[in-house]
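One structure below.
All of the numbers you see were taken from the coordinates with simple rules; none came from a lab. Predicted model only: the values in this text are computed from it and were never measured. For neighbour counting, all protein chains shown are included, and Cβ atoms are generated from backbone atoms with ideal geometry for every residue, glycine included.
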Amino acid sequence: MINLISAEEMAEFRAFIAPTVTATSDGKEKLLVTCGGAIRCPRCQGTSRRTKLQCGAPALKTSKTQKCKFHGGASTGPKTAEGRQRISASLLVHGHETNKIRAERQLKTLELRQLEDILVLTGGVKRKAGAKPSGYKQINTISEAYEYIRVTENLPTGSLGDAGD
Ligand SMILES: [Zn+2]
């Protein structure tokens, strides 16, 4: 049998992995030491209501108060309006749906409805029933139709015919 490290090295290693802080002023252990000192991690600062002793679980890495998930260590979610907006924008996924896909679809539906208005105006089709997308403004006259096309196609003023053409 060959010793991989000497006794001095082993003592040094144990000193390295041993907890440096044992207890806080309120008598609670800051560190959880297990597996003979091989594992050291922040210990939950909660107290068991049953045993009145400090919780023996490791604290969650994300916990600001160094608590486990049973003692309120989990995040309670974004609080600011920007934070909530950011999470909402990045996380919404339902099946194939995301906020981005929905926004693109809404724009395309809006365009389709406006083009339908123009077709209705020129006598091509009957207007379909149903809710209109947000941002929808019904086109009732030829000049409004020209204005819509001019704006959406980024054409300069006066490039299309006048009202009553
Ligand atoms: Zn706990």
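With the largest listed first and rounded to whole Å, the semi-axes of the equivalent ellipsoid of the chain from the Cα gyration tensor are 71, 20, 14.
Backbone amide hydrogens, once placed in the peptide plane, bring L60 within less than 5 Å of K67, C68, K69, excluding anything fewer than 5 places away on its chain.
The chymotrypsin sites (Phe, Trp or Tyr not before Pro) of the range 93-158 meeting both criteria, a DSSP state outside H, G, I, E and B (loop) and at most 16 other C-beta atoms within 10 angstrom of the site's C-beta, are Y136. Once the Cα atoms are used to define both axes, helix 7-17 deviates from the longest principal axis of the chain by about 40 degrees. Relative to the longest principal axis of the Cα atoms of the chain, the long axis of helix 142-152 lies at roughly 30 degrees. Of all stretches in the chain that contain no trypsin sites (Lys or Arg not before Pro) in a DSSP loop with at most 13 other Cβ atoms within 10 Å, the longest one is 1-48. Taking amide H as placed 1.01 Å from N in the peptide plane, the amide H of L31 sits under 5 Å from that of R43, each at least 5 places away or on another chain.
Normalised by the number of residues in the range 97-152, the average gap of Cα pairs under 8 Å and 6 or more apart makes the relative contact order 35 percent. For a straight C-alpha distance cut-off of 27 angstrom, the lysines reachable from K61 (same-chain residues fewer than eight places away being disregarded) are K28, K30, K52, K69, K79.
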